[in-house]
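*Asks:* Below is the structure I would like to discuss, written out as structure tokens.
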Amino acid sequence: MLICLRMSKAKKEYKRITVKSLLDMKMDGEKISMLTAYDFTTATIVDISGIDIILVGDSASNVMAGHETTLPITLDQMIYHASGVIRAVKRALVVVDLPFGSYQSDPKGALKSAIRIMKESGSHAVKLEGGKEVKDSIKRIIKAGVPVMGHLGLTPQSIYKFGTYTVRAKEEEEAKQLIEDAIMLEKIGCFAIVLEKVPSDLAAKVSKKVKIPVIGIGAGNKVDGQVLVIHDMLGMTKEFNPRFLRRYMNLYDDMNKAISKYSKDVKSGNFPNSKEQY
């Protein structure tokens, strides 16, 4: 009598995440975790927590600088944030957003911006928003040896063109263009694509159409990985409540309580006590 034992495939351990690691993870059916970070201390915690990709996002314009949109943040500011993150990271792949205005004008300008980010921050890859309209810029950057992550669907840098942060590609024509753009991004050499705020069925279709990983944010669970903004995921923001967001902590209230207690202890003379001084 033969006894057949079903052996589950052992999860591969990655000491350092690379572009190739992400392709292997997609092939093996392992979901990819991605999270933003904008400073050394936060990135240290994110990295040791096992996140695969750290995105130094232009969302820093919102959560770090208080701007209404991502448009105001500059290339110099992105390099500043990325430099702190890269000094913290031992395992994750660090991807940096090219900010608005740093790549849209022409391929030569796009390459110059990408090289500045790579040289001055030490980051591992860049991310660009858009499809066929930025094709030549992406090709120029990749040809120079810089890994590029694409970004389709809702592209926040184009908010004034869209006029709203609503779900994209619900209509057949836009959905068809999105699929064509995803295939094009893979063909010209992008190593992954972020899909933001698109119908889950469409996102699943895109993930099957391309061999490179598709990372979703508001794109359902049939893609190859997920990304969130860390301030939202930890509950540091209160007003932002999209359907796709899951809050794993409520840091806004917890920090408020702790800081209020500290203030009261200082004013009452309770801090520092005898054990907290030399």
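*Asks:* Of the residues that sit in segment 248-278 and are more than 29 Å from the chain's Cα centre (by Cα) and not in a helix (DSSP H, G or I), which one is farthest from Leu234 (Cα to Cα)?
*Replies:* As a first pass, look at segment 248-278 and keep what is more than 29 Å from the chain's Cα centre (by Cα): 257-278.
Remaining after also requiring not in a helix (DSSP H, G or I): 269-273, 277-278.
Details: Gly269: 32, Asn270: 30, Phe271: 28, Pro272: 29, Asn273: 32, Gln277: 33, Tyr278: 36 Å.
Once the filter is applied, the top-ranked residue is Tyr278.
*Asks:* Still on this model: Could you say whether any residue in segment 122-132 is assigned by TED's automatic domain parsing to the domain that holds Ala175, crowded, with 18+ Cβ neighbours inside 10 Å, of a type in the set (D, E, K, R) and closer than 23 Å to Phe40 by Cα?
*Replies:* So the first thing to find is which residues in segment 122-132 are assigned by TED's automatic domain parsing to the domain that holds Ala175, and the list is 122-132.
Now narrow it down to the ones that are crowded, with 18+ Cβ neighbours inside 10 Å: 123-131.
Adding the requirement that they be of a type in the set (D, E, K, R) leaves 127, 129.
Filter again for closer than 23 Å to Phe40 by Cα, leaving 127.
Checked segment 122-132: at least one residue is assigned by TED's automatic domain parsing to the domain that holds Ala175, crowded, with 18+ Cβ neighbours inside 10 Å, of a type in the set (D, E, K, R) and closer than 23 Å to Phe40 by Cα.
*Asks:* What pairs come out if I take residues in segment 217-234 that are closer than 20 Å to Leu23 by Cα and in contact (Cβ under 8 Å) with a residue 24 or more places away in the chain and pair them with residues that are basic (Lys, Arg) and buried (at least 19 other Cβ atoms within 10 Å of the Cβ) whose C-beta lies under 9 Å away, six or more apart or interchain?
*Replies:* Close Cβ pairs (under 9 Å, with a partner that is basic (Lys, Arg) and buried (at least 19 other Cβ atoms within 10 Å of the Cβ)) amount to Ile217/Lys197; Ala219/Lys197; Asp224/Lys26; Gly225/Lys26.
*Asks:* Continuing with this model, one more query. Out of segment 173-182, which residues are within 21 Å of the chain's Cα centre (by Cα) and exposed (fewer than 14 other Cβ atoms within 10 Å of the Cβ)?
*Replies:* none
*Asks:* Glu133 is checked against (1) under 14 Å from the mean Cα position of the chain (by Cα); (2) among the acidic types (Asp, Glu); (3) under 28 Å from Lys170 (Cα atoms) and fails just one. What number does that condition carry?
*Replies:* (1)
Residue-wise test of (1) within 30 Å of Tyr165 (Cβ to Cβ); (2) surrounded by fewer than 21 Cβ atoms within 10 Å (Cβ to Cβ).
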{"residue": "Arg16", "(1), (2)": "no, yes"}
{"residue": "Asp28", "(1), (2)": "no, yes"}
{"residue": "Lys31", "(1), (2)": "yes, yes"}
{"residue": "Ala37", "(1), (2)": "yes, no"}
{"residue": "Thr41", "(1), (2)": "yes, yes"}
{"residue": "Ile45", "(1), (2)": "yes, yes"}
{"residue": "Ala60", "(1), (2)": "yes, no"}
{"residue": "Val89", "(1), (2)": "yes, no"}
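*Asks:* Within segment 217-230, is there a residue that is in the same structural domain as Thr42 (by TED's automatic domain parsing), assigned to a helix (DSSP H, G or I), β-branched (Val, Ile, Thr) and over 27 Å from Thr69 (Cα atoms)?
*Replies:* Start the filter on segment 217-230 by keeping residues that are in the same structural domain as Thr42 (by TED's automatic domain parsing), which leaves 217-230.
Then drop every residue that is not assigned to a helix (DSSP H, G or I), which leaves 230.
Next, only the ones that are β-branched (Val, Ile, Thr) stay: 230.
Cutting the leftovers down to over 27 Å from Thr69 (Cα atoms) gives us none.
So far as segment 217-230 goes, no, none of its residues is in the same structural domain as Thr42 (by TED's automatic domain parsing), assigned to a helix (DSSP H, G or I), β-branched (Val, Ile, Thr) and over 27 Å from Thr69 (Cα atoms).
*Asks:* Which condition breaks for Arg168 when tested against (1) assigned to a helix (DSSP H, G or I); (2) in contact with a Ser or Thr (Cβ under 9 Å, 6 or more places away or on another chain); (3) free of Cβ contacts under 8 Å to residues at least 40 places away in the same chain?
*Replies:* Here Arg168 clears every test but (1).
*Asks:* Does Lys119 qualify as being under 30 Å from Asp28 (Cβ atoms), in a helix (DSSP H, G or I) and modelled with pLDDT of 95 or more?
*Replies:* Values: under 30 Å from Asp28 (Cβ atoms): no; in a helix (DSSP H, G or I): yes; modelled with pLDDT of 95 or more: yes.
Criteria not met by Lys119.
The values are calculated or read from the model by the stated rules, or taken from the named source; none is laboratory data. Given the structure is predicted, the values throughout are model-derived calculations rather than measurements. Because the Cβ atoms are built from the backbone with ideal geometry, glycine has one as well, and the counts that use them run over all protein chains shown.
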